[in-house]
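Scroll down for the structure; my scribbles are underneath it.
The values are calculated or read from the model by the stated rules, or taken from the named source; none is laboratory data. The structure displayed is predicted, hence computed values, not measured ones. Positions of Cβ are backbone-derived with ideal geometry, glycine not excepted, and every protein chain shown enters the neighbour counts. Accessible surface is based on the protein model in full, side chains and every heavy atom, while ligands, DNA and RNA are left aside. Shrake-Rupley method; radii C 1.70, N 1.55, O 1.52, S 1.80 Å.
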Amino acid sequence: MLYIGDDKNLKVYAVLENVVEIETGNLYGYRLVSRIIYGNEEGSFAEVANRELKMRIEMAVLEAVRSANKSGVIFVNLPVSVNIESLPLYGKNVVVNLPMGMGLKNLYIYRSRIKRCGLGTALDDFTTIGYELREIMFGAFDYVFFSDSFYTNANKKDLKKAVELVKYYGSKVCFKKIDTTSKLEMARSVGAQLGHGFLFGYEQIKAQL
């Protein structure tokens, strides 16, 4: 595991992973992730020790996306070191991903803050494991990203019911990490509207620290 304590020999990229419409194959938007190269090794955001450097990296990646002036929806992960209210992406069609693992109470606290900023929200890494479907207010989120480990292991009949329920409450369904044609066919057969993953490609933009 790397220890990244400064910005010497550090390169940061904004990676825009394509999100497509399942039925048409048309580009719908992008899911934003960061790529960090430290020296000759690839690192992770978790390996950045300095909080100020974390903030600079997050802001640089977001600024790179803004400068690229992409059309379509941009899905960004909940910032770690930057307040939601300070995101430099206002005026764009931005949706903040909220991981289901943060717990239902925190989900709705952060959702309220994001909505006050005029941004969209996505429930990320959706799974029914450990939750009753009735506990989750699907209509509170604009999008629901189904975890690949969930949809690849779920009973197809139950999976289709879950997709239909999410859509009934007005949220769009996206299947994550589609990297095979069998996953794509699964998404199509149960009615998922959007897909994301290696199968659809990505673009990488250099971020300036």
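For Cα pairs less than 8 Å apart in space and 6+ apart in sequence, what is the mean separation divided by the residue count of the chain, i.e. the relative contact order in percent? It comes to 25 percent, rounded to a whole number. Tally up the carbon and sulfur contribution to the accessible surface of the chain as a whole percent, 1.4 Å probe, everything protein left in place. Percent of accessible area from carbon and sulfur atoms in the chain: 47.
Taking 0.36 nm per residue of separation and subtracting the current Cα-Cα distance, fully stretching the chain between Asn93 and Lys156 would add 19.4 nm. Exposed loop sites are taken as GluC sites (Glu not before Pro) in a DSSP loop (any state but H, G, I, E or B) with at most 14 other beta carbon atoms within 10 Å; the longest stretch of the chain without one runs 24-131. Using the Cβ-Cβ distance between Val80 and Glu185 with R0 set to 30 Å, the FRET efficiency from 1/(1 + (r/R0)^6) comes to roughly 0.25. Given their separation in residues at 0.36 nm each and the Cα-Cα distance between them, Val15 and Lys115 gain 33.5 nm when the chain is fully extended.
Computed from backbone phi with θ = phi - 60° and the Karplus coefficients 6.51, -1.76 and 1.60, the 3J(HN,Hα) list for region 110-125 is 5, 4, 4, 5, 5, 4, 5, 7, x, 9, x, 10, 10, 7, 9, 6 Hz; x is used for glycine and proline. The figure for Arg56 is an accessible area of roughly 90 square angstrom, using a 1.4 Å probe on the protein chains alone. Scaled against the 2.2 N^0.38 Å expected of a compact globular protein of N residues, the Cα radius of gyration of the chain reads 1.04. Over region 11-123, accessible surface divided per residue gives 46 Å², non-protein components excluded, 1.4 Å probe.
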